[in-house]
Each structure stands twice: as C-alpha cells, then as structure tokens.
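Everything on this sheet refers to the single structure shown next.
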Amino acid sequence: MGAVEVPVEHYWGAQTQRSIGNFAIGRPTFVWGRGMIKALGVLKKAAAEANRDLDELPRDIADLIIQAADEVISGKLDAEFPLVVFQTGSGTQSNMNANEVISNRAIELAGGEMGSKKPVHPNDHVNRCQSSNDTFPTAMHIAIVCELNENFYAPVTKLRNTLDAKAREFADIVMVGRTHLQDATPVLLGQVFSGWVAQIDDALRAVHFAEEQARELAIGGTAVGTGLNAHRDFGRLTAEKISAETGIPFKQHDNLFAALSAHDALVNVSASLRTLAGALMKIANDIRWYASGPRTGFGELTIPENEPGSSIMPGKVNPTQCEAMTMVATKVFGNDATVAFAGSQGNFQLHVFKPVMAWACLESIELIAEACRGFEEHCASGIEPHREIIQANLDKDLMLVTALNSQIGYDKAAVIAKLGNTTGMSLHDAALQSGFVTEEQFEAWVVPANMTHPK
C-alpha cells in the first residue's frame, strides 16, 4: 500500500498510522479507554502463554511478548493506543495496533531495531493462532466483564446499601402516598426507600446474569469460526490463561460461529444497564420531587446543599445530583439504542459493529458507576425526612377516608371525601358532619399507621 511515515518516538507501526489518517472521526473524544487497552494486553499475554505451552512459539519470543504485554496491562503504554472507535467493524485496526506496539516494545527489550519486525513479528508472533475477528470480540468481552467487576458493582451496591439503611432508619415515619400525582393512602417512608432498593437489586441481578454470558469468549475461532491456522487447544487454553490473569472465570464459547457473527451477550449487558439506569432515574426523580420547594413544593425530604443553584437568585440550591443522575440515564438509554440496533446487524460469519458496541457498553458502565458514586456521597447519604411537613401533609390527606370503606361502605366514604374537598374541611370534620361516623368511631378506624399494611 506504499510507504507511510510513523513517528519514531512511538511503538506503533504502519497499520496504526494508516488508521489514524483514515479514521479521523470523533477524535479525540472516542479514543479507547483504559479498560479496552488493558483487555488487549491481557489477551495478547494469554495468547503468548498458550502458544508457548503448545509449542507454537519459542519460549524466548513468547517471554518477550509477555513482558511487553504486561506493560500494556499496567498502563505504561497507553499513549501508544491512539485509535478511535469508528474504524473497521471487526476492530482490525485496534488488534493490529496492539500487535505492533507489543512487537516493537518486545524488539526494544531484546535490543533490536524497532520496525524491523525482528526478532518479534507483529503478525507471525504476537498474532499467532489469532485473527482480528476473534481477538477483538474476546478483548471487548474481557474489558466489559472486568469493568463490571472492578469498577461497577461496588459503587452501585454502596448506593443500594445506603438507601437500604435509610429504609430501616425511616421505617416508622408515616407519610402521604401518591398515585397519578394525586394524594393516596398512607405509606411508610421506609417502604418508599425499600421499593428503590428492590429496584436496584432486581436490576443488578439482570446485570450479573448478562455478565455471565459475556464471560464466553470468541478466541480460537480465528477468521470465520472454524479455527483455521490455530492449534485446536489454543482457544480453550487462552481462555484459561485469561482467567488466571484477571481472576475472573472465562471460557471459550461453545459455538465460535455464534461468537464471531453475533454479539447477543453484549446486547443483554447493555439492556440490563438500561434497566438499572431506568431504576436510578426513577429514584432520582422521586427524591427531587420529595425535596422540592423548600417552601412551595413537597418539602418532605431534605437533601445536602452542595453548591449555589442560581447565578441570579441568592440562596437558591438545586437537586444537582438528581439532575446529573437523570442525564446519565438518558445517555445510557441512547447507548443501549446503539447497542441494540448494532447487535441486529451481523451478516453471515462476521459481525462488523463490534467497536461501537463495546464502546457504548463500556461508557454506560463507567457513567452509571461514577453517577452512583457521586449520588451516594453527595445526596443519598445525607437525605433526611422533614417530619413536620410530612405530618402536616398526612393530616390533610383526604384519602385516609379509605379506612372507612370496610366500616361504612365506599359510597358513604366518597361522600365524606367530596364534602371535605369542596368545603376545605379536614377529613375529621367532614366525617363528623356527614353523620356517618361518630368521633369515637373516626378515632378508632382512621389510624394512618394501620393503613400501611394488610389488616
């Protein structure tokens, strides 16, 4: 394809340089993150170890590759991975980028001349028994699974646990329930929080289930799933080496044709992240509504005051953590739309939307993790009930009349509620004026705390 000039200070080679020139899309916004670069290093190290053990590579060559790959894993060579997401759909350029960087660094370690491909060749040695078609999907699965385990579950679980602690702390506070944005029968504030906790628990179970599917790797399928040019044990053994390196149990996919030509596992990961994002949006919206005001809104919860909320209105404070969380949710929804549509576009033996699917999943993981970390620290941990307002609102709740249904019937209870609403009377006064109940009966039957559980 002709000569190409490569900066002498970099470890990448001609294939990487060509991609830089040919795919100037979104630069620098969409350059791969640390997770994907690390995963490529893990893969190339594991492949070299497997090839060494299978006598596919001389031990000295394998050891040089392993040493260079370790530097990729550690982050020492991150600057050598400049490629953007929007490249060939198989991720070929990124695979070649990894091959060239590891090859040239191995050559340097051996005292050779970078770019000479001696003694370590990027294709013949670093890419031995591999194709971009099976290495890139393997790397993206490693990256996503590792990001979930190393950086995602902990902050989401911490937020969940903080909300659960609040549910227990507020278990005795009776408040107005609301349906259709209208007053309804009472609930406990602790029950409200417990509902949020259950949403996160359900969503996390779905993420864990999807992650289990993503632990099945395409490695060993080479170009079209047949394993051409690879040792028959290469994929299995490489997956075992990846497991040893990461501490996470991976395995070779049972059907390599599916692993190369479709990425349903990532579609499921993204969908589970979207479900969690929806739950987090619901939680954040509820909290900012409960905290609205503070004088003319609900004002039933107080949240931490983190920064000034207005450049013109002195003293105004806004629910910024809630707003940030909801914006993250919308971005995750968008990423999921990308993954879902891209996931439907596999053709024949190779799916060619791999990079954008991996990037969208990784971004959603990172955004949710960081949003949960900030929300827990700067909002959820500081939520407190405004007991006076909660009680005042509860005292005005005409839907407490529901407690009278089983005593005087729905129709008479409805008359009381409508009388109170049209006259502005309290439920107590309307009930007594109706003549349907006595003072003693009202006090015995209309007990808000008793309305928060089955009789």
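The values are calculated or read from the model by the stated rules, or taken from the named source; none is laboratory data. Please read all numbers here as calculations on a predicted model, not as lab measurements. Backbone-built Cβ (ideal geometry, glycine too); neighbour counts: all protein chains shown.
What the table shows:
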read-out	value
Every residue from segment 331-351 that is surrounded by 18 or more Cβ atoms within 10 Å (Cβ to Cβ), at pLDDT 95 or above and of a type outside the set (S, T, N, Q)	V332, D336, V339, A342, G343, L350, H351
Looking only at segment 251-262, and only at residues there that are part of a helix (DSSP H, G or I) and in contact (Cβ under 8 Å) with a residue 60 or more places away in the chain, the one that is nearest to N347 (Cα to Cα)	S261
Counted residues, segment 238-255 - those being surrounded by 22 or more Cβ atoms within 10 Å (Cβ to Cβ) and either modelled with pLDDT under 95 or aliphatic (A, V, I, L, M) (or both)	2
The one condition in (1) under 28 Å from Q191 (Cα atoms); (2) touching a Lys or Arg at 6+ places or on another chain (Cβ under 9 Å); (3) in a loop (DSSP other than H, G, I, E, B) that S406 fails to fulfil	(3)
N151 buried (at least 24 other Cβ atoms within 10 Å of the Cβ) and assigned to a helix (DSSP H, G or I)	no
Subset tally (residues that are under 16 Å from A39 (Cα atoms) and either surrounded by 23 or more Cβ atoms within 10 Å (Cβ to Cβ) or out of contact with any helix residue (DSSP H, G or I) (no Cβ under 9 Å at 6 or more places or on another chain) (or both)) for segment 215-234	3
Criterion: touching a Gly at 6+ places or on another chain (Cβ under 7 Å), more than 30 Å from G227 (Cα to Cα) and either surrounded by 15 or more Cβ atoms within 10 Å (Cβ to Cβ) or in contact (Cβ under 8 Å) with a residue 24 or more places away in the chain (or both) - qualifying residue of I303, I283, I287	I303
Any hit, segment 311-319, residues being in contact (Cβ under 8 Å) with a residue 24 or more places away in the chain and either loosely packed, with under 14 Cβ neighbours inside 10 Å or within 18 Å of the chain's Cα centre (by Cα) (or both)	no
Single condition M425 does not satisfy, out of (1) within 46 Å of the chain's Cα centre (by Cα); (2) surrounded by fewer than 18 Cβ atoms within 10 Å (Cβ to Cβ); (3) hydrophobic (A, V, I, L, M, F, W, C)	(1)
Residues being surrounded by fewer than 18 Cβ atoms within 10 Å (Cβ to Cβ) and closer than 15 Å to A47 by Cα - total across segment 71-124	3
Which listed residue is outside any helix (DSSP H, G or I), more than 21 Å from the chain's Cα centre (by Cα) and without any contact (Cβ under 8 Å) to a residue 60 or more places away in the chain, from D183, D172	D172
Yes/no for C146 being at pLDDT 95 or above, of a type in the set (A, V, I, L, M, F, W, C), closer than 30 Å to W32 by Cα and outside any loop (DSSP other than H, G, I, E, B)	yes
1 or more residues modelled with pLDDT under 95 and under 18 Å from W359 (Cβ atoms): qualifying helices (runs of 4 or more DSSP H) within segment 10-107	14-22, 34-53
Hey, E376 touching a Ser or Thr at 6+ places or on another chain (Cβ under 8 Å), crowded, with 20+ Cβ neighbours inside 10 Å and not assigned by TED's automatic domain parsing to the domain that holds G26 or not	yes
Every pair of residues 6+ apart whose Cβ atoms lie under 8 Å, when the first sits in segment 133-155 and is touching a residue at least 12 places away in the same chain (Cβ under 8 Å) and on the phi < 0 side of the Ramachandran plot while the second is among the basic types (K, R) and surrounded by fewer than 19 Cβ atoms within 10 Å (Cβ to Cβ)	P155/R373
Qualifying position, being in contact (Cβ under 8 Å) with a residue 40 or more places away in the chain and in contact with a Leu (Cβ under 7 Å, 6 or more places away or on another chain), among A218, A206, A265, A210	A218
